[in-house]
1. Where the accessible area of the stretch 86-157 is counted over protein heavy atoms with a 1.4 Å probe, how much of it, in %, is carbon and sulfur?
2. Among 89-98, 133-142, how do they line up by average Cβ neighbours within 10 Å per residue, starting with the highest?
3. Helix 10-19 versus the longest principal axis of the chain: what angle, 0 to 90°, nearest 10, using Cα atoms?
4. Taking a probe of 1.4 Å, how large is the accessible area per residue of the stretch 2-155, in Å²?
5. Suppose each label sits 7 Å from its Cα in the direction of the beta carbon; what would the Thr141-Asp35 distance come out to in nanometres?
6. Using only Cα atoms, tell me the angle between helix 75-89 and the longest principal axis of the chain; keep it within 0 to 90° and round to the nearest 10.
Amino acid sequence: MVTAAFGSPAEARLVEAIRASGGYIAELALVATLDDDVVGHVMISRCTLHTDDSPVSIVMLSPLAVDPEHHGRGIGGLLVTAVTALADALGEPLVVLEGDPRYYSRFGFQPASSHGIELPLPDWAPAAAAQVMPLTNDDPTLRGRVVYPASFDVLGD
Ligand SMILES: CC(C)(COP(=O)(O)OP(=O)(O)OC[C@H]1O[C@@H](n2cnc3c(N)ncnc32)[C@H](O)[C@@H]1OP(=O)(O)O)[C@@H](O)C(=O)NCCC(=O)NCCS
């Protein structure tokens, strides 16, 4: 399903790599089902924020995928809303992601730059693709550079 959503197997390999890594958070890996079929999937897992003081473990939403036959029905929105609420309930201060702000801003994601947070975007991605959702335990002093874990190496550059 993830391969079908992205039109290539790279993100499905990423899901497997995250699940096999220490950054995997089982409670923050969700599927959406319709008549027992998996039609959507989202993960929030660990990455590192390099602050001026020290590295801090934070969380990142990636990947998000919905079966192409079921796009536009709100499944992606339900997954984003549910998984970020669970991250909030676990006490995480914020969620970062790389994606289209025209999609993610509706859920409360904001430009990462306005929070002093930098993501390692690929050359082709606009700066606005780096986004942050502050949660209940948001700490505005958490600023710095996000470093992805090795599991993301499967995506290449
Ligand atoms: C992005 C994705 C998860 C959205 O899932 P979905 O279930 O169709 O999303 P929803 O039904 O909650 O929302 C649909 C709305 O999002 C919009 N949308 C979808 N992808 C978008 C994008 N990349 N940029 C801007 N808007 C987007 C749709 O146009 C639609 O808008 P509308 O509500 O004004 O009609 C799905 O299109 C997908 O799996 N895409 C391929 C994988 C991908 O790109 N994942 C995100 C990586 S950051």
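1. 54
2. Going by the mean number of other Cβ atoms within 10 Å, highest first, we get 89-98, 133-142.
3. Between helix and principal axis, roughly 70 degrees.
4. Result: 52 Å² of accessible area for each residue.
5. Going from the Thr141 label point to the Asp35 one covers 5.5 nm.
6. Tilt relative to the chain: about 40 degrees.
The values are calculated or read from the model by the stated rules, or taken from the named source; none is laboratory data. None of these values were measured; they are calculated from a predicted model. Using ideal geometry, Cβ is built from the backbone for each residue, glycine included, and neighbour counts are taken over all protein chains shown. With ligands, DNA and RNA removed, areas are computed over all heavy atoms of the protein, side chains included. Shrake-Rupley method; radii C 1.70, N 1.55, O 1.52, S 1.80 Å.
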